[in-house]
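Report on one structure; see the data block that follows.
None of the figures in this text is laboratory data; all of them are computed from the coordinates on show. It should be emphasised that the depicted structure is a prediction, and the values quoted were computed from it without experimental measurement. Heads up, the Cβs are rebuilt from the backbone with ideal geometry, glycines too, and the neighbour counts pull from every protein chain shown.
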Amino acid sequence: MKLPPLKSLPVFEAVARLNSFSLAAEELAVSQSAVSHQIKQLETYLGEKLFWRSGRTLALTDEGRQYLDGVGSALLQIERVSEQLLGHEESRLRLSVFSSFAVRWLAPRLPDLQRLHPQLELSLEMSSENPVLSDRVADCFITIKPSSAAFSYELLYKERLFPVCSQDYWQRIRRELALDEVDGDAVSLTPEQIAQFPLLSTHSIYDKEGGDWEAWYHEAGLKLPASSRLLHSSHMLLSLEAARFSQGIALTNDYMMSTKKDAGDFVRLPCHSIMTGDKFYFAWKTSRRREKGIQILRRWLVDEAIQSGLRNKNEDN
């Protein structure tokens, strides 16, 4: 077995992760010249440049990024196998997750995870976009793009959008549309009635202004009325907060409405919903499938998704 200089591998990983020779030296408690020596030794062995250096700018080369993917994963595996043999029960995991899913659905449930599995130490890496599936980013992920053959996926949720507003705004809608005389269970709203009120739109869902409401009207066989008053936000969290403060009607999804407080603050309007086509998965590298922490988190997430109504018990991917 021909191996590279093994002492240089943790040094390379630290420099690449911190994007700094000096920060890596500080973390590893060695001199900066020692770090430089280890990187040079590794580059000489490989016959490839791993970093581009220009003044104070440092960046991985294409070869460096490729090497980091393999080395980072291998070092993590060595650390975890060693902990198992040493009898350490604690499992430390980094979970990369969309910020809205983390704030509205996951965070309120974390106390239960800690109570049921105190040996699991979970660190959240929040992202506004679909995460890159790599050990450099996290140990496991919640993603809408099951694109890597090296990963396994467990379905959590198929996204649908439906209109909501605040309790106060719902009373205003009932007054203005003369619905006060109608029994609550018999009330239904048409798309034409919805268009009479400000529509809170989220750009990130369909990557265009008003795209969410255009899709909602298209589902009903209609076009978004030109007279509609659209109030744009970059993120669903912002649109929902605007709705909470009675600024209009927002399109939201099930996981944003999954707590008792939200059920009390908002009214789901009696009209149709749409499926966006996005599916939320828990993803983990298949080569790490036997890691106890990953399987504990997988089973807990699926159970919570079923109990909260995001996923049917017998639903598959």
> So, in nm, how far is label Met275 from label Arg160 when the simple model puts each one 7 Å beyond its Cα toward the Cβ?
Replying inline: 0.9
> Within the set Lys208/Lys279; Lys158/Lys313; Lys49/Lys145, which residue pairs have Cα atoms separated by over 22 Å?
Replying inline: Lys49/Lys145
> Considering segment 8-84, what Rg and Dmax in Å follow from its alpha-carbon atoms?
Replying inline: 12.4, 43
> Among Thr252, Thr44, which comes first, then next, by fewest other beta-carbon atoms within 10 Å?
Replying inline: Thr44, Thr252
> What spacing in nm lies between the two simple spin-label points modelled at Val103 and Ala220, each 7 Å away from Cα in the Cβ direction?
Replying inline: 2.8
>> Give me the Å³ per residue figure for the convex hull around the C-alpha atoms of the chain.
In response: 185
> So between Ser188 and Ala34, what do we pick up on full extension, going 0.36 nm a residue minus the alpha carbon distance?
Replying inline: 48.3 nm
>> For segment 1-67 and segment 105-137, what is the centre-to-centre distance using only Cα atoms, to the nearest Å?
In response: 29
> Given a cut-off of under 8 Å on Cα pairs at least six residues apart, what relative contact order in percent is computed for the chain?
Replying inline: 21
> Stretched out fully, how many nm does the piece from Gln119 to Arg175 gain, at 0.36 nm a residue minus the Cα gap?
Replying inline: 14.8 nm
>> Around Met256, under 9 Å between beta carbons, what's the net of Lys plus Arg minus Asp minus Glu among the other residues?
In response: -1
> Per-residue ellipticity at 222 nm for the chain, helices alone: DSSP H runs ≥ 4 residues times -39500 (n - 2.57), over residue total, nearest 500 deg cm²/dmol?
Replying inline: -11500 deg cm²/dmol
> Sorted by mean Cβ packing within 10 Å, highest first, what order do the peptides 208-214, 109-115, 289-295 take?
Replying inline: 208-214, 289-295, 109-115
>> Cβ neighbours within 10 Å, averaged per peptide: list 10-23, 302-315 in order, most packed at the top.
In response: 10-23, 302-315
>> What FRET efficiency comes out for Leu110 versus Gln307 if R0 is 25 angstrom and r is the Cβ-Cβ distance? Round to the nearest 0.05.
In response: 0.95
> Which three semi-axes in whole Å describe the equivalent ellipsoid of segment 159-276, each the square root of 5 times a Cα gyration tensor eigenvalue, listed largest first?
Replying inline: 20, 17, 13
>> Just to confirm a number: summing +1 for Lys and Arg and -1 for Asp and Glu over residues other than Ala102 whose beta-carbon lies under 11 angstrom from that of Ala102, what do you get?
In response: +1
